[in-house]
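So the structure is just underneath, and the comments pick up after that.
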Amino acid sequence: MEMLDGTIVTTASPQIGRSLHAPATEVGLVVTAYLLTLAVLIPLSGWLTRRFGNRVIFLTAIALFTFASVGCAVSVSLGMLVGMRVLQGAGGAMMVPVGRTMVLSPAAKQDILRLTSYVVWPGLLAPVIAPLAGGLITTYATWHWMFLINVPLGVAAFAVAWRLVTSAPRADGTAPPPLDWAGVGLTCAGLGGLTYAAHLVSLPSPPVAQTVAFAVVSAALLAGAVAHLRRAAHPLLNLRTLRVRTFRVSQLGGTMYFFVVGALPFLLPLMFQVEFGWSPVKSGALTAFVFAGNVGIKPATTPLINRFGFRPLLISSTLGTAVIVAAFGFTTASTPVAVIAALALASGVTRSVGFTVYSTVGLADMVPELMRDANTLAATSMQLGAGLAIAGAAVALRVGDGFTGGGQAAYTVAFCLLAAVAGGCAVEALRLDPAAGNAARRLRSAAVPPAPAASGSSSGLSGQAG
């Protein structure tokens, strides 16, 4: 629900604008308000669970998200819809990171890979089915149903969570640490400002002075946040988790990879509809072949990682993504549909493998006492990559327009730029230790040692991760 609602609305923007008597440029706030709230509040999720417990926060998040979905559907003005989207973002910011933490924090190292293969499904599924679902809803129903479909899902999730989720007492019996108010102000304001600057960049005619101001101020706030978080006794985001080399490398490469993965479902339907002249339903159906690739490779993902290791699969999946994304840029309206479907299918395969590796390898070498902090930081970086994806795709397309004058050639440049980012992920993957993540693999031989957990003598973590 959280990831689907981040992208599905873009398909219905014209319909929402006509219904609420709002200009198309202002309807973009419906997406921005949601992504902005996610970026601002996700870092708070770790402290909230320490303070109030998993059960209270998770159930509250589901209820809030479901209630806000109904509020979105009954909105009679753009202002009301944006307000309800802020409430949705608040629910989603607690729902997903807390769910990941509940599943992965108590897990044994050997179970993390198997569990992660289930946890990453929403991230793989939502961006792919959003264009098809949005196309079907806008073609055969009204935009209100984009939000109402969350109601039965939310009710079912709440009922199951009420039965299954418990709030265990803190293992050490101590009170939760105090809230890092300085970290909240610096981190949340910086991430929020950066997300809003990305929204301004994605506009057809971005206000240059305002965009630069938001970008500069946000960068300064985030720089201050990093300096504060490194010194604070109880930081909002524990940057000490980055002392684990595997986790550090996976977060940098993973953020870039989520950026590419998030931009593709936006850029592909746009090219299909604007340049190829396809209907939203046909465009969404072809994009959905990515999901078929995800499904097809999923049963083999864990055996492949156990057989070959994280590093080789990550290098091959990121390189494969780079090649396929570049190939999309050279398709035209005359390209056989079967060829485009095959590229989408192969893209789904590489996305599934890459997503699973990035979501697992860093946590596999993390010491148990830092697992909750690592999950919160990973969720924040993932949201940062996804939140900047649409703006990045828009900028890449604008660069293509500037070099080529528009048309299909502009999409070629845009896809090649995204492919270059995916290639950078492959370069980053080369920095991984060959034994990275071995603690989470089921090795046939015990002769392969676990990867070193940290670098630097001051971390105090070396030798513990295995």
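The values are calculated or read from the model by the stated rules, or taken from the named source; none is laboratory data. For clarity, every value in this text was computed on a predicted model and none was experimentally measured. Using ideal geometry, Cβ is built from the backbone for each residue, glycine included, and neighbour counts are taken over all protein chains shown. Just the protein is used for accessible areas: all its heavy atoms, side chains included, with ligands, DNA and RNA removed. Shrake-Rupley method; radii C 1.70, N 1.55, O 1.52, S 1.80 Å.
Projected onto their three principal axes, the Cα atoms of the stretch 1-133 cover extents of 53, 32, 21 Å, largest first. Applying the Karplus relation 6.51 cos²θ - 1.76 cosθ + 1.60 with θ = phi - 60° to the stretch 331-340 yields 3J(HN,Hα) values of 7, 9, 5, 8, 5, x, 4, 4, 5, 5 Hz, where x marks Gly and Pro. Working from label points 7 Å from Cα in the Cα-to-Cβ sense, the ARG442 to SER205 distance is 6.1 nm. A Förster radius of 56 Å, combined with the Cβ-Cβ distance separating ALA232 from ALA156, puts the computed FRET efficiency at roughly 0.90. Only helical runs count toward this figure. For the chain, summing -39,500 (n - 2.57) over DSSP H runs of n ≥ 4 and dividing by all residues gives -25000 deg cm²/dmol at 222 nm. Computed over protein heavy atoms with a 1.4 Å probe, the carbon and sulfur contribution to the accessible area of the stretch 22-96 reaches 77%.
The share of accessible area on the stretch 192-291 that comes from carbon and sulfur is 70 percent, using a 1.4 angstrom probe. Model label points for PHE330 and PHE52, set 7 angstrom from Cα along the Cα-to-Cβ axis, are 5.3 nm apart.
Averaged over its residues, the chain has an accessible area of 40 Å² per residue, based on protein heavy atoms and a 1.4 Å probe. Using heavy atoms of the protein chains and a probe of 1.4 Å, the accessible area assigned to LYS282 is about 80 Å².
Average 1/r across all pairs of distinct alpha carbons in the stretch 100-222, invert it, and you get the Kirkwood radius: 19.5 Å. The stretch between ALA342 and ALA63 holds 96.4 nm of extra length on full extension. This uses 0.36 nm per residue minus the Cα-Cα distance.
3J(HN,Hα) along the stretch 110-120: 5, 9, 4, 4, 5, 5, 5, 4, 7, 4, 7 Hz, from the Karplus curve 6.51 cos²θ - 1.76 cosθ + 1.60 with θ = phi - 60°, whole Hz, x for Gly and Pro. With r defined as the distance between the Cβ atoms of LEU179 and ARG18 and R0 fixed at 35 Å, what FRET efficiency is calculated, to the nearest 0.05? Rounded to the nearest 0.05, the efficiency is 0.20. In this structure, THR166 and VAL76 have a Cβ-Cβ separation that, at R0 = 35 Å, corresponds to a calculated FRET efficiency of about 0.30. Summary of packing: across the peptides 310-323, 417-430, the per-residue average of other C-beta atoms within 10 Å ranks them, highest first, as 310-323, 417-430.
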